[in-house]
Amino acid sequence: MLRVLSAAAAVIVASFGIAFAASEAEHPENHPFSFESPVGSYDMAAVQRGFQVYQQVCSTCHSMDHLAYRHLGQEGGPFALYMVRSHETGEMEPHVGKPAHGGTFVDVTENPYVRAIASGVTIVDVDPNSGQLADRPGRISDRFRRPFPNEIAARASNGGAYPVDLSVITSARHGGADYIRSLLIGYDGTSEGTLYHNRYFPGGKIAMPPPLAEGAVPYADGTATTVEQYATDVATFLQWSADPHMEERKRMGFVVLAFLVVLSGLLYLAYKQVWRGESH
Amino acid sequence: MSGPSTYEPKSAFTRWLDRRLPIVRLTHDSFVAYPTPRNLNYWWTFGAMLSLCLVVQIVTGIVLAMHYVPHINYAFASVQRIERDVPFGWLIQNMHAVGASMFFLAVYVHMFRGLYYGSYKAPRELLWILGCVIYLLMVATGFLGYTLPWGQMSFWGATVITNLLGALPLIGESIKNWLMGGFSVDQPTINRFFSLHYLLPFVIAGVVALHVWALHEAGQNNPAGVEVKSKADTVPFTPHATMKDLFATTLFVIMFAIFVFYMPDALGHADNFIPANPLQTPPEIVPEWYLLPFYAILRAFDFNIGPIDSKLAGVLAMFASIGVLFLLPWLDTSRVRSMRYRPIARQFFVIFFFVCLALGWCGGKNPGLILFKVADFSATLTWVEGGQVTEQAIQAEGAAQWDDASSAAVAAAREGGATMTAVTRTGASTGTLRTVSGGETRNAQVSADTADLLEEEITHVKEEAGQAMPFFSIERRSPARFTVTNFSLLLTIYYFLFFIVILPVLGLRERPNRVPDTIAKPVLNEAQGAS
């Protein structure tokens, strides 16, 4: 009876495979991101470049409400600053990103890179003297500047479409960073009314015009300024922004698992010892 | 079962305490000297894991509640703040979210264990029922908790479930509005859900205490299902059961940790990272994995049963699927506890297990998804190319005569050589008849996998033929098909059949295997058992 059942189950499973085949959007292209494996970490240079692309391109329409400028300089952030003793001079020198060994973390309030990024932004705030809304330079405690004061204004400026908040976008979409990267390179150059063809977007037509153009964002580190590179960098940055504690999480996980494996081994021996000579 | 207490206070303080509050004695009798059957297997270690889960959920939950803001505008952001800014908030939040799944995973193993080994039979009926109460409270707590992050799934899950209760006759609407605190899921809902989500775990803890009490009164069942006969059949709980539980629980915690540290979001839904939006329904609304089987039962009915409409039938079936568990001790008529000795019941149990898994699978799928169909969806389009289009008015004497008048006009046009006709009714007794005469009749066949794709194909043919064609006659054919909903219904029927028919009948008819003498009679002598 069980054999008949399992045969029936096999037939059912096989036919499901066929039923799954039909789908609207193309499956995102699988890119070998550095953060994917259980021990993988972020390519911080890519996160920095991705932030630059976000600042210069994406942020004209997309907010990132859950991120503050200070997050960029926290431990595990793209502009985290460490003081490292130089081999030649013996002096302490600043080093962006966690050095291979040693180094003391510089608190984000003392981080000149993050301060420069924040003060380069203009924030609308209540003026403490007049009580009126006024512009002021950004502070590291500010959330990322919003391109539009509210959803109505955002829709009004974008032909009725609402540019979504990008803080956790890689978590909020099936396919994560692969999907974001594929979407950004998935335009075929044609459009229909106000919608643009994109083979990775559910339904195939998206309101966002192709945001990236070759050479649009100059890179200081000599990385190729292609659309594909931009897309990869932005996807990496957005993955970091959705999951900023990933590296710490994986590091701690390794220690916890190592401890638990040893503990379970010892407990197994203790259990065997206790039950030795007991028939059961 | 426990017999007289063997606790002897050693120090002056414990002697003093024992006279006034024998709490050390209680602990000693319950968790140290408590006699445990010596033949328990690893399936009996899940109780310890469940206790751990409850503690983890309460402790992490209390910390989360210190940072969480139950407000429709701030709840989502407050969870993000916990993840980003609260020291180790990411760890605590992950543990709580993953912990819920682990809790349910363990409780399902625990329940299937009880089902297989007949742990619900006398004298353990109340023990089982208390367990069902705990499970019911867990479902409620899990559902309430899933609402709190206020993502899309939170909001729409809450909307779907509260609306379900509205299907109940007479009282449904009131209960629904009372639960939501208004006419839709909104600020009052999140406030009361938060309050209840904080309350229920402590209620669970209380019922767990009763569950453990009942367990220690009746004594544990065991894989043989034969009651412990003497002290020789048991070992003291500590260190024997304690060490085994600790070892098994550590393995469970390893799995827990793999999820927490390496795939914290794997068990959740991506849509819950989108803040709740009451104006936008997500493409699919699904509960968390542990409630999917019940969700499938809920959606299994796509037809009305007499006076019960399909929605109410689903709701009743869903509640009945948990309710039937409460009656199980009296539904199973077999005098043999363990399915080890029930060869036929064991096969039905295995099927039941796979039916539950399949129900879970169905719950996560689009109910309209076609599993089998005898043929493709197909359509025949007929149109005329190059004909003469004429238009004439139809005037009936009254609304009642419309049908006669229009069919007479169509018949006349057909007589006159029209190859295609179309009637448009413009008023109660007026309309227009458009006819095409002459020209060349063309037709096309299209077929597709689904009804939606077929419509696309039809549109495509129409576009190819040109907009100038005045009208198409389309004949659509839908094949006989078997969808997820039909499959869910079959599975639901088996689910209830198992409890209501198979177990009661089988218990009377089945001839159990012989229990080996070594199990039926105590063969170990007292001295050996005490060692």
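The values are calculated or read from the model by the stated rules, or taken from the named source; none is laboratory data. Bear in mind that the values here come from a model prediction, so they are computed numbers and not experimental data. When we count neighbours, we look across all protein chains shown, and the Cβ atoms used for this are built from the backbone with ideal geometry, even at glycine.
Being more than 10 Å from chain B (Cβ to nearest Cβ), modelled with pLDDT of 95 or more and either surrounded by 22 or more Cβ atoms within 10 Å (Cβ to Cβ) or on the phi > 0 side of the Ramachandran plot (or both) is the filter here, so list the residues in segment A:158-173 that pass it.
A:Leu166
Has segment B:77-88 got at least one residue that is in contact (Cβ under 8 Å) with a residue 24 or more places away in the chain, among the β-branched types (Val, Ile, Thr), within 14 Å of another protein chain (Cβ to nearest Cβ) and closer than 30 Å to B:Asn272 by Cα?
Checked segment B:77-88: at least one residue is in contact (Cβ under 8 Å) with a residue 24 or more places away in the chain, among the β-branched types (Val, Ile, Thr), within 14 Å of another protein chain (Cβ to nearest Cβ) and closer than 30 Å to B:Asn272 by Cα.
Can you tell me which residues in segment A:249-271 are charged (D, E, K, R) and within 7 Å of another protein chain (Cβ to nearest Cβ)? Steps first, please.
In the first step, residues of segment A:249-271 are kept if they are charged (D, E, K, R); the result is A:249-251.
Of everything in segment A:249-271, those that are charged (D, E, K, R) and within 7 Å of another protein chain (Cβ to nearest Cβ) turn out to be A:Arg249, A:Lys250.
Of (1) within 11 Å of chain B (Cβ to nearest Cβ); (2) touching a residue at least 24 places away in the same chain (Cβ under 8 Å), A:Ser37 satisfies all except one. Which?
Tallying (1) within 11 Å of chain B (Cβ to nearest Cβ); (2) touching a residue at least 24 places away in the same chain (Cβ under 8 Å), A:Ser37 fails exactly one: (2).
Could you pull out the residue among B:Leu144, B:Leu148, B:Leu164 that is in the same structural domain as B:Met111 (by TED's automatic domain parsing) and either farther than 23 Å from B:Arg81 by Cα or at pLDDT below 95 (or both)? Steps first, answer last, please.
Values: B:Leu144 fails: either farther than 23 Å from B:Arg81 by Cα or at pLDDT below 95 (or both); B:Leu148 fails: either farther than 23 Å from B:Arg81 by Cα or at pLDDT below 95 (or both).
After ruling out the rest, the residue left standing is B:Leu164.
Can you pull out the residues in segment B:1-16 that are exposed (fewer than 15 other Cβ atoms within 10 Å of the Cβ) and assigned to a loop (DSSP other than H, G, I, E, B)?
Of the residues in segment B:1-16, the ones exposed (fewer than 15 other Cβ atoms within 10 Å of the Cβ) are B:1-6, B:8, B:10-13, B:15-16.
Residues satisfying the conditions are B:Met1, B:Ser2, B:Gly3, B:Pro4, B:Ser5, B:Thr6, B:Glu8, B:Lys10, B:Ser11.
List every residue pair whose Cβ atoms lie under 8 Å apart, where the two residues are 6 or more positions apart in sequence or sit on different chains, the first residue falls within segment B:163-178 and is assigned to a helix (DSSP H, G or I), and the second residue, located anywhere, is basic (Lys, Arg) and surrounded by 15 or more Cβ atoms within 10 Å (Cβ to Cβ).
Pairs found: B:Asn163/B:Lys176; B:Leu164/B:Lys311; B:Leu165/B:Lys176.
Of everything in segment A:40-67, what is more than 14 Å from every other protein chain (Cβ to nearest Cβ) and within 25 Å of A:Gly253 (Cα to Cα)? Give them in sequence order.
Across segment A:40-67, the qualifying residues are A:Tyr42, A:Asp43, A:Met44, A:Ala45, A:Ala46, A:Val47.
Can you tell me which residue is nearest to A:Tyr230 (Cα to Cα) among those in segment A:46-81 that are part of a helix (DSSP H, G or I) and either among the polar types (S, T, N, Q) or at pLDDT below 95 (or both)?
Among residues in segment A:46-81 that are part of a helix (DSSP H, G or I) and either among the polar types (S, T, N, Q) or at pLDDT below 95 (or both), the one nearest to A:Tyr230 (Cα to Cα) is A:Gln52.
Considering only segment B:234-244, state which residues are crowded, with 21+ Cβ neighbours inside 10 Å and more than 9 Å from chain A (Cβ to nearest Cβ).
B:Thr234, B:Ala241
Could you list, in sequence order, the residues of segment B:245-280 that are within 7 Å of chain A (Cβ to nearest Cβ), of a type outside the set (Asp, Glu) and within 21 Å of the chain's Cα centre (by Cα)?
B:Ala270
Can you say whether B:Met255 is assigned to a helix (DSSP H, G or I) and buried (at least 18 other Cβ atoms within 10 Å of the Cβ), as far as the supplied structure shows?
no
Quick check: is even one residue across segment B:281-295 over 30 Å from A:Ile169 (Cβ atoms), in a helix (DSSP H, G or I), at the interface with chain A (Cβ under 9 Å from one of its Cβ atoms) and in contact (Cβ under 8 Å) with a residue 60 or more places away in the chain? Reasoning before the result, please.
Keep residues of segment B:281-295 that are over 30 Å from A:Ile169 (Cβ atoms), which gives B:293-294.
Add one more test, that the residue is in a helix (DSSP H, G or I), and what stays is B:293-294.
Narrowing the set further to residues that are at the interface with chain A (Cβ under 9 Å from one of its Cβ atoms) leaves none.
Checking segment B:281-295: not a single residue is over 30 Å from A:Ile169 (Cβ atoms), in a helix (DSSP H, G or I), at the interface with chain A (Cβ under 9 Å from one of its Cβ atoms) and in contact (Cβ under 8 Å) with a residue 60 or more places away in the chain.
Quick one: B:Phe112 ticks every box in (1) touching a strand residue (DSSP E or B) at 6+ places or on another chain (Cβ under 7 Å); (2) away from chain A (no Cβ under 14 Å) bar one, so which box is it?
So the condition that B:Phe112 fails would be (1).
Can you tell me which residues in segment B:76-113 are under 26 Å from the mean Cα position of the chain (by Cα) and among the small types (Gly, Ala, Ser)?
Matches in segment B:76-113: B:Ala97, B:Gly99, B:Ala100, B:Ser101, B:Ala106.
Listed here are the residues, each with its yes/no results for (1) touching a strand residue (DSSP E or B) at 6+ places or on another chain (Cβ under 7 Å); (2) outside the structural domain of A:Glu247 (by TED's automatic domain parsing); (3) crowded, with 17+ Cβ neighbours inside 10 Å.
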position	(1), (2), (3)
A:Gln74	no, yes, yes
A:Glu88	no, yes, no
A:Pro94	yes, yes, no
A:Ala116	no, yes, no
A:Val126	yes, yes, no
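Could you run through segment B:28-50 and say how many residues are of a type in the set (Ser, Thr, Tyr), within 12 Å of another protein chain (Cβ to nearest Cβ) and surrounded by 19 or more Cβ atoms within 10 Å (Cβ to Cβ)?
Selection size over segment B:28-50: 2.
Go over the candidates B:Val203, B:Val226, B:Val160, B:Val185 one by one and state the one that is aliphatic (A, V, I, L, M), surrounded by 18 or more Cβ atoms within 10 Å (Cβ to Cβ) and more than 30 Å from B:Arg340 (Cα to Cα).
Numbers: B:Val203 fails: surrounded by 18 or more Cβ atoms within 10 Å (Cβ to Cβ); B:Val226 fails: more than 30 Å from B:Arg340 (Cα to Cα); B:Val160 fails: surrounded by 18 or more Cβ atoms within 10 Å (Cβ to Cβ).
The match here is B:Val185.
Return only the number of the condition from (1) without any contact (Cβ under 8 Å) to a residue 12 or more places away in the chain; (2) surrounded by 22 or more Cβ atoms within 10 Å (Cβ to Cβ) that A:Phe259 does not satisfy.
(2)
Could you grab me the full set of residues in segment B:17-72 that are of a type in the set (Phe, Trp, Tyr), assigned to a helix (DSSP H, G or I) and modelled with pLDDT of 95 or more?
The first filter runs over segment B:17-72 and keeps only residues of a type in the set (Phe, Trp, Tyr), leaving B:31, B:34, B:42-44, B:46, B:68.
Those still in the list that are assigned to a helix (DSSP H, G or I) too: B:31, B:42-44, B:46.
Within segment B:17-72, B:Tyr42, B:Trp43, B:Trp44, B:Phe46 meet the criteria.
As an exercise: evaluate B:Cys356 against (1) part of a helix (DSSP H, G or I); (2) outside the structural domain of B:Gly314 (by TED's automatic domain parsing); (3) not β-branched (Val, Ile, Thr) and give the number of the one condition it does not meet.
(2)
Kindly list, by first and then second residue, each pair from a residue in segment A:203-214 that is assigned by TED's automatic domain parsing to the domain that holds A:Thr226 and at negative phi to a residue that is assigned to a loop (DSSP other than H, G, I, E, B) and among the hydrophobic types (A, V, I, L, M, F, W, C), limited to pairs with Cβ atoms under 8 Å and residues at least 6 apart or on different chains.
Pairs found: A:Ala207/A:Ala161; A:Met208/A:Cys61; A:Met208/A:Ala161; A:Pro211/A:Val57; A:Leu212/A:Val57.
Taking the condition of being among the small types (Gly, Ala, Ser), free of Cβ contacts under 8 Å to residues at least 12 places away in the same chain and closer than 20 Å to A:Val168 by Cα, how many residues in segment B:247-280 meet it? Steps first, please.
In the first step, residues of segment B:247-280 are kept if they are among the small types (Gly, Ala, Ser); the result is B:248, B:257, B:266, B:268, B:270, B:276.
Retained after the next criterion (residues that are free of Cβ contacts under 8 Å to residues at least 12 places away in the same chain): B:257, B:266, B:270.
Now narrow it down to the ones that are closer than 20 Å to A:Val168 by Cα: B:266, B:270.
Here the count works out to 2.
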